[in-house]
Amino acid sequence: MGESAVLNEKELKKHYSKQWSPREYAKAAHIFLTAGVDKGARVDFSRRRLVGIGHSVGASAMFLMKELNPIVNFEIFIAIEPGISLKGNRHTNVASEALTAWTWLRPDEYGLRTHYAAKYDPPFTFNGVTTASTNDELVVDSLTAYAEVTQRKPVHVIWGTINDVKSPETRDLLSDTSAGRKPASVRFVENAGHLVVQQQPEAVAEKILDVILGKPAEVISKL
């Protein structure tokens, strides 16, 4: 798990030396969904009823797909703990720093690679391991794309009730109707934070099913 980051490291550095933008994820998903019956999955997705589901930066990429042609016609969108916020916002900066620290300091269990310091000369050599990820720019501004999509299509947002990365202020930015951000519903999963998909997978699946079945979001007090 995660070894693709190591195997593709040279190519990634050659073409994306500074960062890997969520737009690249958007392009990859777009290529897959528009490849047609002769390539990729060999499915004409333009004839299917599509629900777009994205978590964290994946949600950012999902909304950025609106910039690409031909248009992928999602019927509804479900954004789970979306990595979408306002650049320069104080709360956004805190969330970005928290995510970066979380990525670097979390216990290394899966997707391991030789630590970068292994190549240093003694006495600075470190024969340890770290995570295989090459991207630590985790909070990206796709807020404009998100707002535009909410005005044209039903967009449903799912949050964890634990604010371990986001703050209530960054969360509320996505429901600011005065700024043109009009989600169709906002739902919450108890006892989970940013990694809600891993922490409460069954509860997330239930929320997604509720959206698809058209069930209204439960009314809860402001968290």
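Every number here is computed from the coordinates shown, using simple stated rules; none is lab data. These figures come from a predicted structure and were not determined experimentally. Here the Cβ is made from the backbone with ideal geometry for all residues, glycine too, and neighbour counts use every protein chain on show.
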Quick note on 207, 10, ordering by fewest other C-beta atoms within 10 Å, gives 10, 207
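Give the order of 63, 74, 45, 32 when sorted by the count of other beta carbons within 10 angstrom, beginning with the fewest. Provide the component values of the computation, followed by the final result.
Details: 63 26, 74 20, 45 17, 32 14.
In increasing order of surrounding Cβ atoms, one gets 32, 45, 74, 63.
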Between residue 47 and residue 177, what length in nm is gained on full extension when 0.36 nm per residue of separation is reduced by their alpha carbon distance? 43.5 nm
Residues with amide H under 5 Å from that of residue 76, placed H, sequence gap 5 or more: 52
Please label the shape of segment 154-223 as rounded, prolate or oblate, based on the square roots a ≥ b ≥ c of the eigenvalues of the alpha-carbon gyration tensor (a/c under 1.5 means rounded; beyond that, a/b larger than b/c means prolate, else oblate). oblate
Could you pull out the pairs from 182/215; 66/153; 153/207; 14/66; 10/39 whose alpha carbons sit more than 22 Å apart here? 14/66; 10/39
List 186, 149 from most exposed to least, where exposure is judged by having the fewest other Cβ atoms within 10 Å. 186, 149
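Using packing as a proxy for protection, rank 66-72, 80-86, 167-173 so that the peptide with the highest average count of other Cβ atoms within 10 Å comes first.
Numbers: 66-72: 13.7, 80-86: 24.9, 167-173: 17.3.
Top of the packing list down: 80-86, 167-173, 66-72.
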